[in-house]
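Visitor: Input: one structure, supplied below.
The values are calculated or read from the model by the stated rules, or taken from the named source; none is laboratory data. It should be emphasised that the depicted structure is a prediction, and the values quoted were computed from it without experimental measurement. Heads up, the Cβs are rebuilt from the backbone with ideal geometry, glycines too, and the neighbour counts pull from every protein chain shown.
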Amino acid sequence: MRHFGLLLTRDLRLAVRRPGQTLLPIGFFAMVTALFPLALSPRLEELRGIAPGVLWVGALLAALLSLDHLLRDDAADGTLEQLVAASESLLSLVLAKVAAHWLLTGLPLALLAPLLGAGLGVPVTAMPGVILALVLGTVCLSLLGAAAAALTLGARRGGILLTLLTLPLAVPVVIFGARATKLVIEGANAAGAFYLLAAVTVLALTLAPLATAAVLRIAVE
Amino acid sequence: MVFTWFHRLGSPPHIYRLSERLSPWLTWSTALLIAAGLYGGLVSSPPDYQQGDGFRIIYVHAPSAWLSLMIYSCMATAAAVGLIWRMKVAHAVAASCAGVGAAFTAVSLITGMLWGKPMWGAYWVWDPRLTAQLILLFLFFGYMALRASYDDASRADRLSAWLAVIGIVNVPIVKFSVEWWNSLHQAPSVMKLARASMPASMLVPLLLMFAGFTVFFLAFLSVRLRAEILRREKHSAWVREMVANA
Amino acid sequence: MKCAYLLAVHSLGGRTAKKAANSARTDYNAGMLDVVLEVRDLRVLRGERAVLKKINLRLGVGQYLELRGANGSGKTTLLRALAGLLPIESGGVVWGGAPLATDRSAFRSESLYLGHDAPLKADFSAVENLHYWIGLRRPLQRHEIEAALSKVGLPVAAQLRPTRQLSAGQRRRVSLAALLLARVRLWLLDEPTTQLDADGQAMFAGLVAEHLRAGGIAVAAMHAPLAPAPAARQELVLAAA
C-alpha cells in the first residue's frame, strides 16, 4: 500500500511539473469532438444520433495518445529498472501506473464529456449516465493500454505498435460503452449495457495487471 | 515415462525429424481430401434452390473461418506452453502459426465479401461473423508486428506469447460483444450454416473440405516449423552435422 | 541417453542452482562463514550469443570486487544479471546461503544496482528524486536525504534544483547519495566514477572504504582501478567474447 501511494503521488507530481504533456490528450479530445459538427452539420437532432460514437472514439484516441508516455519515460531515464530490480512484486507498480493514467486522462475525459456532449445535443438528464459510462470505460482502457504499453516498451516504432495492439482489445469496451451512452441519451433503460461494461472492466482489473507485471520484467531486460 | 515424452517434445532435433517424417503423409492426405471435397462441392452437388451456384463459396469460406480461429487457439496454446515450461520449440510453433493464421483469416474475409455481394447486394455488411473475423485479423497483425519489432529472439518469443494469451482471452469477449451489438441493430445474419437442414450432398463435401483445410494447416505447419527450427538452431551441433551429411 | 539433450537448458540450470546451494551450505559448515555472495558457472545470453560463460565468484564480508575488461566484454551484463534484470541461462547465484533462483526477496532488499546513467527524473530535484527512489525501500526523513547529499558534495542550492539543470558529475553524486541512504549490504556499480572529477573520485573511494569497513560488499565495473585500492580487493578480468 505504501508503495502504491508513493508511486502514485510520484506520477501525479510529475504530471503537475509537465502541464503541457498532461493536458494534451484532454485538449485533443475537445478538439476532435468539436470537429464533428463542423464536418457534418450544426443540427443538434442529427448530432445527437452520433454523439455516443464521437465521444467514445474521441476518448479512446485521447487515452491512446497519453499511453505512450505511461512507461516509456520511466524506461528511458532508468527509474523503471530500479523499480523492477527492487520490487518482489510489480503489481503495486502497475496498479499505481494505471491509477495515475486514469486520474490524469480517463477521469478528466469523463468529466469533460458532458460539456462536449452539450454541443452534440446530449440532453442534460443524460449527463450522469454519460459520465458513468466513460468512467467505467476509461478504467478498462487504462488497464488494457498499460499491458500494451509494457509489451511495446522495447520495440522499434513502439508508439504505432501500441495503437495497433490496443485497438482490437478495446473493441468490447467501445461497443458496450457506446451502447450504454446511446441508451442513456435516448432515455431508454441502459442497465444491461452498463452491467456488461462493468463486467468487462472488472475482468480487465483482475487479469490485466498480472499480465502487465509479468511482461514488465521481460521488457526491461 | 511421461518425463521422457515431455522432454522429447521439447527437443528441436526430435521435433524436426518427427515433422520431416509426418510431412509427406500430411501433404498427400491434404491433396486427397481437398480433391474429393472440391469434386463433391463443385461437381456432384446440385445448385442451391435459393442462392444458385453462389452458395458454393461456402466450401472455401466456412473452412477458412474455422481454421483462422483454430490456428489462433493453437498459437495461444503453444505460446502458453512456451511461457510456462520455457520450451523453445513451443515458441517456434507459435511463431509458425501467425502468418498462415492471418492468411486464412484474410481468405475468410474476402470470400465472405464475395458471397455478400449476391446475398446482400453489398460487399461489406456489418455481419457479426465478418466483424469478429476482421478483429481477429487485427489480432494476428498485432502479434506479427510485435514479433517483428524485437531483434532479440528470446524477448520476441516471450512478449508475443503474452500478447497471444491476452488475445485468446479477448477473442470470446469480442465475439460476444459483436453479436450482442449486432442483435440490437437487427441486421440480417444470413451466414448461418443451418446444418440440420443441409442435404447430405452438400454436407459431405463440406465436411471433407473442413478436414482437408485442417490437414493442410498441419502439413504447412510441419514445413514452416522446420524452417523456423533451422533458423533458430543454426549454430547448434545437430544442424551443422545434418548440413555436413547432406 | 538421447533425451539428455532435450529440454531447454533451463531445467538443467535449475538443477545446477540447487546443487550449488547445497554445496555452499556445506562450505559454511566447513567454517568458511564469510562467503556471502557466490556465483557458480554463470552463463548469460544476449540474443543468441553467450556474453558470459563460466563466471565464478566468491565474495565475503568487507570485500571489494573490481570488474575489468574492454568495452563489450560483458561487465554491464554481469552486473545486470546479478541485479536480476537479465535472465540467467544456467549456473547459480547464492546470496547468504540461499540460491536466488528460488528466493530473491532478501537479495532485492539487500542490494542496490547503479547503472551507467543516474536514474533520475529530470523534473524533480535531487531531494525529491531520492524521496521517491530510495523511499520505496524504507521511509526517509528529509534531513537524512539532505545530509547524504551534502556528504557526497552536492551544494545545498543544487539539491533543490530540477536535476535537468545539474551536470553529469552532480547527477552521479546524487546516485551515490542513494547508495548511502539505501543502507544495503551489496553495491552493484557500473562505472561509478566516469563522470566524477578528481575530488569526486577520492570521495567515492572514501565511501567504498567506509562501506567495506561496515561489513558491506561492493562490485564495481571500472575502467581505471579504484585509488586508493581497498585492502580486500579482488579483480575479475572479462575477456571479450
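Visitor: Select from the range B:102-137 the residues that are closer than 25 Å to B:Ile15 by Cα and either in contact with an Asp or Glu (Cβ under 7 Å, 6 or more places away or on another chain) or within 14 Å of chain A (Cβ to nearest Cβ) (or both) and list them in ascending order.
Guide: B:Ala102
Visitor: Next up: Search the range B:42-84 for residues being buried (at least 17 other Cβ atoms within 10 Å of the Cβ) and of a type in the set (Phe, Trp, Tyr), and hand back the single one that is nearest to B:Pro118 (Cα to Cα).
Guide: So the residue we want is B:Phe55.
Visitor: Among the residues of the range A:163-210, which ones are within 21 Å of A:Leu91 (Cβ to Cβ), facing chain B (nearest Cβ under 9 Å) and either touching a Cys at 6+ places or on another chain (Cβ under 9 Å) or surrounded by fewer than 21 Cβ atoms within 10 Å (Cβ to Cβ) (or both)?
Guide: Correct list: A:Val200, A:Leu203, A:Leu207, A:Ala208.
Visitor: Return the residues of the range B:44-83 that are within 14 Å of chain C (Cβ to nearest Cβ) and of a type in the set (A, V, I, L, M); say none if nothing qualifies. Step through it out loud before you land on a result.
Guide: If we filter the range B:44-83 for residues that are within 14 Å of chain C (Cβ to nearest Cβ), which is where we start, we get B:81-83.
Matches in the range B:44-83: B:Val81, B:Leu83.
Visitor: Somewhere in the range A:91-106, is a residue small (Gly, Ala, Ser), in contact (Cβ under 8 Å) with a residue 12 or more places away in the chain, within 24 Å of C:Asp123 (Cα to Cα) and more than 14 Å from every other protein chain (Cβ to nearest Cβ)?
Guide: Looking for residues that are small (Gly, Ala, Ser), in contact (Cβ under 8 Å) with a residue 12 or more places away in the chain, within 24 Å of C:Asp123 (Cα to Cα) and more than 14 Å from every other protein chain (Cβ to nearest Cβ), one finds at least one in the range A:91-106, hence yes.
Visitor: Scan the range B:159-170 for residues that are farther than 14 Å from B:Leu83 by Cα, more than 7 Å from chain A (Cβ to nearest Cβ) and crowded, with 19+ Cβ neighbours inside 10 Å and jot them down.
Guide: The answer is B:Gly167, and nothing else.
Visitor: Additional query: Which condition number does C:Trp187 fail, the rest of (1) in a loop (DSSP other than H, G, I, E, B); (2) at pLDDT 95 or above being met?
Guide: If we test C:Trp187 against (1) in a loop (DSSP other than H, G, I, E, B); (2) at pLDDT 95 or above, just (1) comes out false.
Visitor: Could you tell me whether any residue of the range B:111-127 is in a helix (DSSP H, G or I) and under 15 Å from A:Val171 (Cα atoms)?
Guide: No, the range B:111-127 contains no residue that is in a helix (DSSP H, G or I) and under 15 Å from A:Val171 (Cα atoms).
Visitor: A further question follows. Quick check on B:Trp25: is it free of Cβ contacts under 8 Å to residues at least 12 places away in the same chain, outside any loop (DSSP other than H, G, I, E, B) and surrounded by fewer than 21 Cβ atoms within 10 Å (Cβ to Cβ)? Can you show your working first?
Guide: On the way: free of Cβ contacts under 8 Å to residues at least 12 places away in the same chain: yes; outside any loop (DSSP other than H, G, I, E, B): yes; surrounded by fewer than 21 Cβ atoms within 10 Å (Cβ to Cβ): yes.
Here the answer is yes, as B:Trp25 does meet what is asked.
Visitor: Sticking with this one: Please go through the range C:104-128 and give me each residue that is within 12 Å of A:Thr79 (Cβ to Cβ) and within 20 Å of the chain's Cα centre (by Cα), ordered by number.
Guide: Matches in the range C:104-128: C:Gly115, C:Asp117, C:Ala118, C:Pro119, C:Leu120.
Visitor: While we're looking at this one, here's another question. Is there any pair linking a residue in the range C:126-148 that is more than 8 Å from chain A (Cβ to nearest Cβ) to one that is among the charged types (D, E, K, R) and buried (at least 20 other Cβ atoms within 10 Å of the Cβ), with Cβ under 9 Å and at least six apart or on different chains, and which?
Guide: Matching pairs, first to second residue: C:Ala126/C:Arg171; C:Ala126/C:Arg173; C:Asn129/C:Lys121; C:His131/A:Arg10.
Visitor: When you go through (1) touching a helix residue (DSSP H, G or I) at 6+ places or on another chain (Cβ under 7 Å); (2) in a helix (DSSP H, G or I); (3) in contact (Cβ under 8 Å) with a residue 60 or more places away in the chain one by one for A:Val122, which number turns out not to apply?
Guide: (2)
Visitor: Contact list please: Cβ distance under 9 Å, first residue in the range C:150-172 and in contact (Cβ under 8 Å) with a residue 12 or more places away in the chain and more than 14 Å from chain A (Cβ to nearest Cβ), second residue in a loop (DSSP other than H, G, I, E, B) and of a type in the set (Lys, Arg), pairs at least six apart or on different chains.
Guide: none
Visitor: For the range C:83-99, which positions are crowded, with 20+ Cβ neighbours inside 10 Å, outside any strand (DSSP E or B) and more than 8 Å from chain A (Cβ to nearest Cβ)?
Guide: Once the filter is applied, which keeps residues that are crowded, with 20+ Cβ neighbours inside 10 Å, outside any strand (DSSP E or B) and more than 8 Å from chain A (Cβ to nearest Cβ), the range C:83-99 yields C:Ile88, C:Glu89.
Visitor: Please work out which residue is farthest from the other protein chains (Cβ to nearest Cβ), limiting yourself to the range A:4-42 and to residues that are of a type in the set (Lys, Arg) and in a helix (DSSP H, G or I).
Guide: A:Arg13
Visitor: Has the range B:4-18 got at least one residue that is out of contact with any strand residue (DSSP E or B) (no Cβ under 6 Å at 6 or more places or on another chain), at pLDDT 90 or above and of a type in the set (A, V, I, L, M, F, W, C)?
Guide: Yes, the conditions are met somewhere in the range B:4-18.
Visitor: Hey, does the range C:111-124 have a residue that's without any contact (Cβ under 8 Å) to a residue 24 or more places away in the chain, of a type in the set (Phe, Trp, Tyr) and within 11 Å of chain A (Cβ to nearest Cβ)?
Guide: So far as the range C:111-124 goes, no, none of its residues is without any contact (Cβ under 8 Å) to a residue 24 or more places away in the chain, of a type in the set (Phe, Trp, Tyr) and within 11 Å of chain A (Cβ to nearest Cβ).
Visitor: Out of A:Gly158, A:Gly137, report the one residue that is under 18 Å from A:Ile26 (Cβ atoms) and within 14 Å of chain B (Cβ to nearest Cβ).
Guide: Testing whether each residue is under 18 Å from A:Ile26 (Cβ atoms) and within 14 Å of chain B (Cβ to nearest Cβ) leaves just A:Gly137.
Visitor: Now for a different question. Could you list all residues from the range B:84-94 that are within 12 Å of chain C (Cβ to nearest Cβ), under 18 Å from A:Ala214 (Cβ atoms) and not charged (D, E, K, R)? Show your work before the answer.
Guide: Step one: filter the range B:84-94 for residues within 12 Å of chain C (Cβ to nearest Cβ), giving B:84-92.
Going one step further and asking which of them are under 18 Å from A:Ala214 (Cβ atoms), we end up with B:84-87, B:90-91.
Of everything in the range B:84-94, those that are within 12 Å of chain C (Cβ to nearest Cβ), under 18 Å from A:Ala214 (Cβ atoms) and not charged (D, E, K, R) turn out to be B:Ile84, B:Trp85, B:Met87, B:Ala90, B:His91.
Visitor: Here is a further query. Look through A:Leu55, A:Leu60, A:Leu104 and report the one residue that is within 17 Å of the chain's Cα centre (by Cα), more than 22 Å from A:Ala147 (Cβ to Cβ) and hydrophobic (A, V, I, L, M, F, W, C).
Guide: Among A:Leu55, A:Leu60, A:Leu104, only A:Leu55 is within 17 Å of the chain's Cα centre (by Cα), more than 22 Å from A:Ala147 (Cβ to Cβ) and hydrophobic (A, V, I, L, M, F, W, C).
Visitor: Can I ask one more? For the range B:159-173, which residues satisfy the criterion of being over 20 Å from A:Leu203 (Cα atoms) and free of Cβ contacts under 8 Å to residues at least 24 places away in the same chain?
Guide: Within the range B:159-173, just B:Leu159 meets the criteria.
Visitor: Now, a different point. Give the residue that is farthest from the other protein chains (Cβ to nearest Cβ), with candidates limited to residues of the range C:32-80 that are of a type in the set (A, V, I, L, M, F, W, C) and not in a strand (DSSP E or B). Break it down into steps so the answer makes sense when it comes.
Guide: Residues of the range C:32-80 that are of a type in the set (A, V, I, L, M, F, W, C), as a first pass: C:32-33, C:35-37, C:39, C:42, C:44-45, C:50-52, C:55, C:57, C:59, C:61, C:65, C:67, C:70, C:78-79.
Adding the requirement that they be not in a strand (DSSP E or B) leaves C:32-33, C:61, C:70, C:78-79.
Working: C:Met32: 28, C:Leu33: 27, C:Val61: 22, C:Ala70: 23, C:Leu78: 14, C:Leu79: 11 Å.
Looking at residues that are of a type in the set (A, V, I, L, M, F, W, C) and not in a strand (DSSP E or B), I get C:Met32.
Visitor: Please go through the range A:70-86 and pick out each residue that is within 8 Å of chain C (Cβ to nearest Cβ) and within 21 Å of A:Trp102 (Cβ to Cβ). Steps first, answer last, please.
Guide: So in the range A:70-86, the residues within 8 Å of chain C (Cβ to nearest Cβ) come out as A:77-79, A:81-86.
Hits for the range A:70-86 are A:Thr79, A:Leu83.
Visitor: While we're on this one: Return yes or no: is B:Leu130 at pLDDT 85 or above and in contact with a Phe, Trp or Tyr (Cβ under 9 Å, 6 or more places away or on another chain)?
Guide: Yes.
Visitor: Can you find even one residue in the range C:100-121 that is part of a loop (DSSP other than H, G, I, E, B), over 30 Å from C:Arg49 (Cα atoms) and in contact with a helix residue (DSSP H, G or I) (Cβ under 8 Å, 6 or more places away or on another chain)?
Guide: The answer is yes, given that some residue of the range C:100-121 is part of a loop (DSSP other than H, G, I, E, B), over 30 Å from C:Arg49 (Cα atoms) and in contact with a helix residue (DSSP H, G or I) (Cβ under 8 Å, 6 or more places away or on another chain).
Visitor: Please give the number of the condition B:Phe216 fails out of (1) at pLDDT below 90; (2) of a type in the set (A, V, I, L, M, F, W, C); (3) surrounded by 13 or more Cβ atoms within 10 Å (Cβ to Cβ).
Guide: Of (1) at pLDDT below 90; (2) of a type in the set (A, V, I, L, M, F, W, C); (3) surrounded by 13 or more Cβ atoms within 10 Å (Cβ to Cβ), only one is false for B:Phe216: (1).
Visitor: Select from the range B:138-158 the residues that are without any contact (Cβ under 8 Å) to a residue 60 or more places away in the chain, under 15 Å from B:Met75 (Cα atoms) and more than 8 Å from chain A (Cβ to nearest Cβ) and list them in ascending order.
Guide: Listed by number, the residues that qualify are B:Met144, B:Arg147, B:Ala156.
Visitor: Looking only at the range C:132-152, how many residues end up being of a type outside the set (A, V, I, L, M), out of contact with any strand residue (DSSP E or B) (no Cβ under 9 Å at 6 or more places or on another chain) and under 21 Å from C:Tyr113 (Cα atoms)?
Guide: Of the residues in the range C:132-152, the ones of a type outside the set (A, V, I, L, M) are C:132-133, C:135, C:137-139, C:141-144, C:146, C:150-151.
Going one step further and asking which of them are out of contact with any strand residue (DSSP E or B) (no Cβ under 9 Å at 6 or more places or on another chain), we end up with C:132-133, C:135, C:138-139, C:141-144, C:146, C:150-151.
Within this subset, residues satisfying the condition of being under 21 Å from C:Tyr113 (Cα atoms) are C:132-133, C:135, C:138-139, C:144, C:151.
Of the residues in that region, 7 qualify.
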